[in-house]
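Working notes, structure below.
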């Protein structure tokens with residue numbers, strides 16, 4: 001839990017992420033990470049390349065699917081309230097942030113929640129500028 005919180009503190013205080021961007025990253029982490037665990041444990045399947053210890057394609061794809069869906073729901077809610085103007089580039093950038101978070105969850109051996117946050121925000125910030 002401390003790595004979860006630390007990642008959010010770092011992107012807000014060190015990288016000065018705007019609150020709405022931190023909300024996107026928090027959505028990716030808080031929905032994607034448990035989805036990866038549930039999907040990976042409940043759906044049998046092949047292991048990811050280089051991760052024959054415990055990480056599976058089912059867990060990775062569960063992360064991507066659930067986090068992307070929840071970011072879409074967040075976007076729709078924010079658009080409905082006027083807090084966000086959503087364009088294709090914004091949503092695609094968010095999707096790349098989800099993908100980066102999924103890769104961090106799959107391949108970082110320790111403190112993955114911290115690195116999910118950094119990878120997701122780093123990808124989002126690098127593309128959006």
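Values in this text are rule-based calculations from the coordinates and carry no lab data. Keep in mind that what you see is a predicted model, and the values were worked out from it rather than measured. Virtual Cβ from ideal backbone geometry, glycine too; neighbours counted across all protein chains shown.
Fewest-first ordering of 21, 44 by other beta carbons within 10 Å of each residue's beta carbon gives 44, 21.
When peptides 80-86, 26-32, 9-15 are ranked by their average number of other Cβ atoms within 10 Å per residue, the highest-first order is 26-32, 9-15, 80-86. Between the alpha-carbon centers of region 1-23 and region 31-88, tell me the distance in whole angstrom. With region 1-23 and region 31-88 each reduced to a Cα centre, they are spaced 19 Å. For P(r) over Cα pairs in 5 Å bins from 0, in percent, the listed values are (1) 2, 12, 22, 23, 19, 12, 6, 3, 1, 0; (2) 2, 11, 20, 22, 16, 12, 9, 6, 2, 0; (3) 2, 12, 25, 27, 23, 9, 1, 0; which was obtained by calculation from the structure presented? Here the calculated entry is (1).
Placing a label point 7 Å from the Cα of residue 107 along the Cα-to-Cβ direction, the residues of region 1-42 whose backbone N falls under 19 Å from that point are 29, 33, 36-37.
Rounding to the nearest 10 and keeping the result within 0 to 90°, find how far the Cα-based axis of helix 57-81 lies from the longest principal axis of the chain. Tilt of helix 57-81: around 20 degrees. Based on Cα contacts under 8 Å between residues 6+ apart, region 2-128 shows a relative contact order of 32 percent.
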